[in-house]
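One structure is given here, and the rest of the page talks about it.
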Amino acid sequence: MKRFKGATVAAALALLVAACGGTSEVSSSPSEKPAGWLETLGEGEGELNLIIWPGYAERGEYEGFNWVDPFEEATGCKVNTTAMTDSNNGVQLLQSGQYDGGSFSGDASVRLMTAGDVAPVNVDLLSNYANVFSGLKNQAHNSQNGMPYGVPHGRGPNLLMWNSDLITTPLTSWDAVWEGNSTVNGKISIYDSSIYIADAAIHLMAKRPELGITNPYQLNEEQFAAAIDLLEKQEELGVVYWSSYADQVAGFASGDLVVGTTWQFMANVLGTDANAPKVQTLMPAEGSTGWSDTWMMATNAKNPNCMYLWMNHMMSAEANGQATVFFGEAATSQAACDYAETISPGHCELTHAADEAYWEKIWYWATPREDCDDDDAATTCKTQDDWVEAWTTLRGN
Amino acid sequence: MISRIARWFSARPRASLGALLSAPLTWIGTVYIGSLVVLLAHAFWSKDSFTGKVAPFDWTLDAFGQILGNPVYLAIALRTIGIAVLVTLTAAIIALPVAYYIARIASPRVRALVLVAVTMPLWASYLVKVYAWRTILQANGLLGWLVAPLGIEGPGLTEIWNSWLVLTYLWLPYMILPVYAGLERIPTSLLEASADLGGRGWVTFRRVIFPQLIPALAAGSIFTFSLSLGDYIVPDLVSDAKFIGNVIYDNSALGSLPVAAAYSFLPIAVMMAYLLFARRLGAFESL
Amino acid sequence: MSERSSSVPAVSLRGLTKSYGSGDVAPAVAGIDLEIRDGEFFSLLGPSGSGKTTTLRMIAGFEAPTSGQIWLHGEDVTTKPPFDRDVNTVFQDYALFPHMTVAENIAYGLEVRRVPAAERAVRVQEALRMVRLEGYDERRPAQLSGGQRQRVALARALVNRPRVLLLDEPLGALDLKLREEMQVELKAIQAAVGITFVYVTHDQQEALTMSDRLAVFHRGSIVQVGAPAEVYEHPATAFVAGFVGNSNIYPDESARRSFGARGRIAIRPERIRLDKPDDLVAADEGSALGTIASVVFLGAETRYKIALDTGDDLMVAQLNLKESPMESHSAIGRRVRVTWRREHLLSLAENPQAAPA
């Protein structure tokens, strides 16, 4: 229940900050040092406050997975974490000004860079950065104007998960969650976030090519309406929305849920519960949404040295290997991949860590923009606000 | 010196009252009212749709436009108010006989036991209670297990009626206690007088007891109604339905503070209206 | 009222007992027998805890007797609930319904018994007139004085025209002056309506003033029943002698020593004359010598405590007909002769239970 408490406090703090503070200025002049720029790495400040995805900072709750305690021992930086429920929530939390940084997916990271909430990173100070797969460097979601704004944590697709005790024929596509059937109706588990509209768009890309969707995050009026229409039909099948991973795990464990969209993480957790039904996961053929997460530092971080130390730590073979195995996502360097193999043989291949072709099919979470994120000034797309409101409408009715 | 100050204050009761109250009033004024004003001010501020940043003092009515332009906000409000009213009525209907039993029928020993039983749920954590209800209501939960022999499935965790049930359970003590206190306040001689004048049990209840319990019921309903109106965890955890609180929470946590703030006006207005209504019924003499 | 009297008593209590709790606790009412005649103003008099209120509540039906029977006008109502008994009660705390107006309070009994609205209105006005509260229809009980509430309570009971009206210390909460006014008024109302009044009080003055007959309660039993003068003049027991009016009460030995009488006796303070030591004594009078030990001036009368030479104390009340109050204070220590008529020495029953009815 951390999520309610944390979010409420954060919302209250956000009010104060928004009321008291002005907007941060991002310097565009190359001669000046950008805000939050670290020239040299100093001693750790003793504390580090992070916004994380659940499972991104483990300290031994599950045996064999602990990469926070070693970090604290090595650096003296005491780590405090707050879990976000979705990217919108993560943005809101960071803007409250109480955090040194966090692990952000593409739909949050770009907004944070644009707003100046996060600082560019001096990667020369990070010894492990050199090992990172080049496909994860200087991407749209983690850099601006050729300047890196963070370091990768891992990436993975949003997966299809089903109760394989009940559904014995392995599923191959998302159809079960969109079209339903007598086994799954009323027990379909769907991520409760406006970003899920993109999953509908991916289904439409496969089923209704005439709509001309080229990017599931940048939808024009007609495409957007079709996606919402699809979601409304889906809701009639009997959908249970999850916003905390624990809700979904409990639902599958109790039998209230039999199929849905998930992260590998939840399948792993269910796998540790001997009483829970068996589950299987799949990245369906039509592709999926996914994430490529980036550790970013807040521009106004109070503990920048600890944050740099943490970013470097999270690129180390041990930490990244453990973290990516734990969450079931792809490691960010060959060294981490090799380490992961020692914990979970076959992990690298299973998660396609170095398989860039595989990642072509994954649409990393991105922010809907009015300019459609393209060069054509004539096209306009639905904005982030439109997505949030459409989601409120869908869920409220 | 101190005695001179003391003398100055003792000659000026208003000044000493002011000095005494200045600290708590400042606290209430800045922290309580101040934060509320800041929250509500957000409703009139604009927001960058991409970065989610609020621009203070950039006045606009966009947030209200969004709420008024989309019927879903009205539907959610009506649903929330409807459930809150239903919870209040159900709590009142259950509370009356329970409180009557405690106040008038039970022996002192049993009375103490029942009072403890009624208030016991208040000692448990709110979330523990809600999660307990989840295990009861979920598909393979206690309720499902009980009705399974009848060929009926458990309600699962999506029914809106689950919220009604769980909210009634949660807030029932807040109705029982004032009604019990209200019954205690009615002198036995009034009931005897009614019987003496020919009133049987039901007539006595309807004509003598109930009218005098209206302030107590109104006082209890302030709790059940406002707590139900403001709840957003129960509908989320047992119903999968959106209440006013969920929309405010979602919008504030997910980046649209102006909409959250604008929508906050609604429960505030509803509660104001309800408090005025309750005051007319004499609720505040019964708190 | 005698013309309304019939052979069937209005209230008849037979072996009425009420016990709270188990065996060894003395019962609140211990097997009383009593007949109250139709149309009479009957008082149940006794100190608090003597069982008089419990008896009244059993007649009303608020308490069920442990044993015994209650008959009203020849009908056994022992097991009937209050709403099935043709009696009404005026409560000590008035028990007016605070959420109803005066008129609604008075109309309540009629409404519950489904008296038509038109008749109801007429009878409510009648009742208001009887208690002199015309025009107070729309007031709430909270807006009335104590005396006015008392009247409303009375009207609310009387409007139902019960055959017996039960009054539980109805004047207890009023101040002295108002109480005296209401006593007169109650008596007048009872005379006007001719209903049997059963009146509970601990105030012997009130009981003596108002009652046709009264029953003196003591420890759950009735020790004496009779007309006020009868009870006053011939108290059956020392308790009655002491409780109804004031009495000097002497056990056997003191009675013989100081008054030359046999057995237990009582004498009222006002029946004793205070003379000079050498004053004469008539043939039918007794007399003793003593010293004034204390003086209490009460306005119309003065009370003297006399230390008799025999060693007993005696209370004497003298109307201040000629003695000036100024002088009475200097009387302490003066030698006096106390004189009484022998007929005023009241001999008391040994066993209080064996009181004549």
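A few notes on this one:
- Alpha carbon centroid spacing (whole Å) that separates segment A:184-207 from segment C:128-150: 74
- Per-residue packing, averaged as other Cβ atoms within 10 Å, sorts the ranges A:83-91, A:203-211 into the order A:83-91, A:203-211, beginning with the highest.
- GNM result for chain A, Cα springs below 10 Å: residue of A:TYR196, A:TYR241, A:TYR62 fluctuating most strongly: A:TYR62
- Amide H contacts of A:PHE104 (H built 1.01 Å from N, in plane; Pro and chain starts excluded): A:THR294, A:TRP295, A:MET296 sit under 5 Å, all sequence-distant by 5 or more or on other chains.
- Each residue of segment C:202-214 was assigned a 3J(HN,Hα) from its phi angle through the Karplus curve 6.51 cos²θ - 1.76 cosθ + 1.60 (θ = phi - 60°); the sequence is 9, 9, 5, 4, 4, 4, 5, 5, 9, 7, 6, 9, 8 Hz, with glycine and proline shown as x.
- Near C:ALA229: Cβ cut-off under 12 Å, other residues only, Lys/Arg at +1 and Asp/Glu at -1. The net charge is -2.
- Helix-only mean residue ellipticity at 222 nm for chain C, each DSSP H run of n ≥ 4 adding -39500 (n - 2.57), per residue, nearest 500: -8000 deg cm²/dmol
- Membrane-span-like helices in chain C, defined here as complete DSSP H runs extending at least 20 Å along the helix axis by their C-alpha atoms with mean Kyte-Doolittle hydropathy no lower than -0.5, are C:176-193; this is a sequence and geometry rule, not a statement about a membrane.
- Taking a sphere under 13 Å around the Cβ of C:LEU176 and counting the other residues whose Cβ falls inside, with K and R at +1 and D and E at -1, yields a net charge of -3.
- Scoring A:180-188, B:172-180 by mean Cβ neighbours within 10 Å over their residues and listing the highest first yields B:172-180, A:180-188.
- Helices in chain A, meaning DSSP H runs of at least 4 residues, each add -39500 (n - 2.57). Divided by all residues, the mean residue ellipticity at 222 nm is -11000 deg cm²/dmol.
- Shielding of B:134-140 by partner chains, average beta-carbon count, 10 Å: 4
- For chain A, size of Cβ-based charge dipole, Lys and Arg +1, Asp and Glu -1, in debye: 560
- Residue-count net charge about B:ILE209 - beta-carbon cut-off 13 Å; Lys, Arg +1, Asp, Glu -1: +3
- If R0 is taken as 56 Å, the Cβ-Cβ distance between C:ARG341 and C:ARG132 corresponds to a FRET efficiency of 0.80.
- Chain A: angle of helix A:304-314 to the longest principal axis, Cα-based, in degrees nearest 10: 50
- For the residue pairs A:LYS187/A:LYS233; C:LYS18/C:LYS80; A:LYS78/B:LYS53, the C-alpha atoms sit more than 21 angstrom apart in A:LYS78/B:LYS53.
- Loop sites in segment B:110-195: GluC sites (Glu not before Pro), DSSP, at most 14 other Cβ within 10 Å: B:GLU153
- Efficiency of FRET from Cβ geometry, A:THR183 and B:TYR131, R₀ 25 Å, rounded to 0.05: 0.35
- Comparing mean-square fluctuations of C:ALA191, C:ALA266, C:ALA215 from a GNM of chain C with C-alpha springs under 10 Å, the top value falls on C:ALA191.
- Mean Kyte hydropathy of 0.5 or more with a Cα span along the axis of at least 27 Å, helices from DSSP in chain B: B:71-100, B:160-185, B:210-230, B:257-280
- CD proxy at 222 nm, helix term only [per DSSP H run n ≥ 4: -39500 (n - 2.57); per residue of chain B; nearest 500]: -22500 deg cm²/dmol
- Förster radius 60 Å - calculated FRET efficiency between B:LEU146 and C:ALA118 (Cβ-Cβ, nearest 0.05): 0.55
- Phi-based couplings in Hz for segment A:380-396 (Karplus 6.51, -1.76, 1.60; Gly and Pro marked x): 10, 10, 5, 8, 3, 4, 4, 5, 4, 5, 4, 5, 4, 5, 4, 6, x
- Cβ neighbours within 10 Å from other chains - mean over A:250-256: 6
- For the pair segment B:106-136 and segment B:224-245, the centres of their Cα atoms are 21 angstrom apart.
- Charge dipole (Cα centre; +1 on Lys/Arg Cβ, -1 on Asp/Glu Cβ; no other charges) of segment C:2-243 amounts to roughly 440 debye.
- For the peptide A:110-118, the mean number of other protein chain Cβ atoms found within 10 angstrom of a residue's Cβ is 3.
- In the elastic network of chain C, a GNM with C-alpha springs shorter than 10 Å, the most mobile of C:PHE259, C:PHE243, C:PHE197 is C:PHE259.
- Rounded to the nearest 20 debye, the dipole magnitude of segment B:139-287 is 540 debye, with +1 charges on Lys and Arg beta carbons, -1 on Asp and Glu beta carbons, and the Cα centre as origin.
- Cα centroid separation - segment C:46-117 against segment B:23-83, whole Å: 61
The numbers here are math on the coordinates, done by the rules we state, and not lab data. Computed from a prediction, not measured in an experiment: that's the story for all the values here. Please note: Cβ atoms are built from the backbone with ideal geometry, for glycine as well, and neighbour counts cover all protein chains shown.
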